[in-house]
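Trainee: Okay, handing you the structure first.
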Amino acid sequence: MGQLRRSLHFVIGAVEGLKALDRVSAPVAASVKKVTGSPPVKNALSGTWLGHQLHPALTDVPIGLWTAASVLDLTSGDAGSDAARRLVGFGALSSIPTAAAGAADWSDSYGPEQRVGIVHAALNSTALVLQVSSWLVRRRGSRGVGTVLSLAGLGLTLASAYLGGHLSLVRGVGVNHTAFQEGTESWTDVAADGDLAENKPLRVEAGGVPVVLVRRGGAVHALSATCTHAGGPLDEGTVDENGCVQCPWHGSRFSLADGTVAQGPATVSEPVWEVKSEKERIWVRLAG
Ligand code: FES
């Protein structure tokens, strides 16, 4: 067991450090960004509308369908032949939106995450070719060959799923980057009133958490300054005419009034802080 774990970590570490992959992954990511970059497409594929990343949820569909097909192949005899073929076909169809959502997420990654991501995509693409081939040979009556192709495809999909899990659970891709910030519910003095200019984000700190202050139209707003999407610094972003602060890294926009996501790729709202002005100082505390 320990040997398997060490081997897997060695392989993933090697992929993460393989800078030669950048020659392929960087231009591919740029092309994906061009296709998926418009706000409605990005919001749809990222899962902004769902409040949760879409790709991890969708992956259950092809994996489930292909697993069920292989179980039927191995246990059902001739009676399950048609059902297994249909499961393989529906699995292939469902992998298309799954891949589109994953590609949109991946195009916002860099360096080691992007390298692991492109290997993840290559394994999934090969698995899809095997499953489509399986469906085609099954239609011609070769269930035995189809079974072998499907099992090979499923094996690659599971290997790829390991990489996907590594990206989320070890590298933190797609994780809410404010999840472990506790903040404070006690009023905390963070800045002088005069430090805050209209529509100019100001970074302060309260309870060990970076907070961005924005004065706009006579009111002062405060959000956590770490972008929920991938940790970008909102205090280095811009304030738009709709009362949103835009992250400088991938363009997510958050309402200053209530922290909700106005534009993805972020899917999770930004924590909101209450603000008061007292004795020419600005005080904040985490809204309950
Ligand atoms: S870090 Fe990606 S939009 Fe902010």
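The values are calculated or read from the model by the stated rules, or taken from the named source; none is laboratory data. Predicted model, so just to flag it, every value in this text is computed and none were measured. Positions of Cβ are backbone-derived with ideal geometry, glycine not excepted, and every protein chain shown enters the neighbour counts. Calculation scope for accessible area: heavy atoms of the full protein, side chains included, ligands and nucleic acids excluded. Shrake-Rupley method; radii C 1.70, N 1.55, O 1.52, S 1.80 Å.
Trainee: Take A191 and tell me if it is farther than 22 Å from S109 by Cα, away from the ligand (no atom under 16 Å from the Cβ) and open to solvent by 30 Å² or more (accessible area, probe 1.4 Å).
Mentor: Numbers: farther than 22 Å from S109 by Cα: yes; away from the ligand (no atom under 16 Å from the Cβ): yes; open to solvent by 30 Å² or more (accessible area, probe 1.4 Å): no.
Considered against the rule, which asks whether it is farther than 22 Å from S109 by Cα, away from the ligand (no atom under 16 Å from the Cβ) and open to solvent by 30 Å² or more (accessible area, probe 1.4 Å), A191 comes out as no.
Trainee: Would you mind stating whether V175 is without any contact (Cβ under 8 Å) to a residue 60 or more places away in the chain and within 16 Å of the ligand (Cβ to nearest atom)?
Mentor: Working: without any contact (Cβ under 8 Å) to a residue 60 or more places away in the chain: yes; within 16 Å of the ligand (Cβ to nearest atom): yes.
In short, yes.
Trainee: Just for segment 246-288: of the residues that are among the polar types (S, T, N, Q) and open to solvent by 40 Å² or more (accessible area, probe 1.4 Å), which one is farthest from W187 (Cα to Cα)? Even if it seems obvious, please write down each step before you answer.
Mentor: The initial filter retains those residues of segment 246-288 that are among the polar types (S, T, N, Q), namely 246, 252, 255, 260, 263, 267, 269, 277.
Narrowing the set further to residues that are open to solvent by 40 Å² or more (accessible area, probe 1.4 Å) leaves 246, 260, 269, 277.
Working: Q246: 26, T260: 23, S269: 22, S277: 11 Å.
For segment 246-288, the residue satisfying everything is Q246.
Trainee: Next question. State yes or no: is D235 of a type outside the set (V, I, T), within 16 Å of the ligand (Cβ to nearest atom) and surrounded by fewer than 21 Cβ atoms within 10 Å (Cβ to Cβ)?
Mentor: Details: of a type outside the set (V, I, T): yes; within 16 Å of the ligand (Cβ to nearest atom): yes; surrounded by fewer than 21 Cβ atoms within 10 Å (Cβ to Cβ): yes.
Against the criterion (of a type outside the set (V, I, T), within 16 Å of the ligand (Cβ to nearest atom) and surrounded by fewer than 21 Cβ atoms within 10 Å (Cβ to Cβ)), D235 qualifies.
Trainee: Could you tell me whether V119 is assigned by TED's automatic domain parsing to the domain that holds A14 and without any contact (Cβ under 8 Å) to a residue 40 or more places away in the chain? Steps first, answer last, please.
Mentor: On the way: assigned by TED's automatic domain parsing to the domain that holds A14: yes; without any contact (Cβ under 8 Å) to a residue 40 or more places away in the chain: no.
Spelling it out, it is not the case that V119 is assigned by TED's automatic domain parsing to the domain that holds A14 and without any contact (Cβ under 8 Å) to a residue 40 or more places away in the chain.
Trainee: Still on this model: Read through the list (1) within 17 Å of Q181 (Cβ to Cβ); (2) under 27 Å from the mean Cα position of the chain (by Cα); (3) crowded, with 16+ Cβ neighbours inside 10 Å, then give the number of the only condition that G243 fails.
Mentor: (1)
Trainee: Which of the following residues is at pLDDT below 95 and under 25 Å from L154 (Cβ atoms): L65, L74, L8? Spell out the reasoning first.
Mentor: Numbers: L65 fails: at pLDDT below 95; L74 fails: at pLDDT below 95.
Answer to the check: L8.
Trainee: Hey, another quick one. Any idea how many residues of segment 99-132 are over 13 Å from V28 (Cα atoms), open to solvent by less than 10 Å² (accessible area, probe 1.4 Å) and under 18 Å from the mean Cα position of the chain (by Cα)?
Mentor: Total meeting the criteria: 2.
Trainee: Could you list all residues from segment 181-203 that are within 20 Å of G288 (Cβ to Cβ) and either assigned to a strand (DSSP E or B) or in contact with a Phe, Trp or Tyr (Cβ under 8 Å, 6 or more places away or on another chain) (or both)?
Mentor: Taking segment 181-203 first, the residues within 20 Å of G288 (Cβ to Cβ) are 181-190.
Answer for segment 181-203, where residues must be within 20 Å of G288 (Cβ to Cβ) and either assigned to a strand (DSSP E or B) or in contact with a Phe, Trp or Tyr (Cβ under 8 Å, 6 or more places away or on another chain) (or both): G183, W187, T188, D189, V190.
Trainee: Being open to solvent by 50 Å² or more (accessible area, probe 1.4 Å) and of a type in the set (A, V, I, L, M) is true for just one of V61, V32. Which residue is that?
Mentor: Being open to solvent by 50 Å² or more (accessible area, probe 1.4 Å) and of a type in the set (A, V, I, L, M) holds for just one of V61, V32, which is V61.
Trainee: Please list, ordered by residue number, the strands (runs of 3 or more DSSP E) wholly in segment 240-288 having 2 or more residues that are within 13 Å of T48 (Cβ to Cβ). Step through it out loud before you land on a result.
Mentor: Numbers: elements: 244-246, 253-255, 261-263, 272-278, 281-286.
So the answer is 253-255, 261-263.
Trainee: Looking only at segment 206-229, how many residues end up being within 13 Å of the ligand (Cβ to nearest atom) and either assigned to a loop (DSSP other than H, G, I, E, B) or open to solvent by less than 10 Å² (accessible area, probe 1.4 Å) (or both)? Outline the logic, then answer.
Mentor: The initial filter retains those residues of segment 206-229 that are within 13 Å of the ligand (Cβ to nearest atom), namely 212, 223-229.
Okay, now just the ones that are also either assigned to a loop (DSSP other than H, G, I, E, B) or open to solvent by less than 10 Å² (accessible area, probe 1.4 Å) (or both), so 212, 223-225, 227-229.
Residues flagged as within 13 Å of the ligand (Cβ to nearest atom) and either assigned to a loop (DSSP other than H, G, I, E, B) or open to solvent by less than 10 Å² (accessible area, probe 1.4 Å) (or both) within segment 206-229 amount to 7.
Trainee: Somewhere in segment 79-93, is a residue open to solvent by 30 Å² or more (accessible area, probe 1.4 Å), acidic (D, E) and in a helix (DSSP H, G or I)?
Mentor: Restricting attention to segment 79-93, the residues satisfying the condition of being open to solvent by 30 Å² or more (accessible area, probe 1.4 Å) are 79, 81-83, 85-87, 90, 93.
Within this subset, residues satisfying the condition of being acidic (D, E) are 82.
Next, only the ones that are in a helix (DSSP H, G or I) stay: 82.
For segment 79-93, residues open to solvent by 30 Å² or more (accessible area, probe 1.4 Å), acidic (D, E) and in a helix (DSSP H, G or I): present.
Trainee: Something else now. Could you figure out which of (1) exposed (fewer than 15 other Cβ atoms within 10 Å of the Cβ); (2) at pLDDT 95 or above isn't true of L54?
Mentor: Evaluating L54 over (1) exposed (fewer than 15 other Cβ atoms within 10 Å of the Cβ); (2) at pLDDT 95 or above leaves (1) as the failure.
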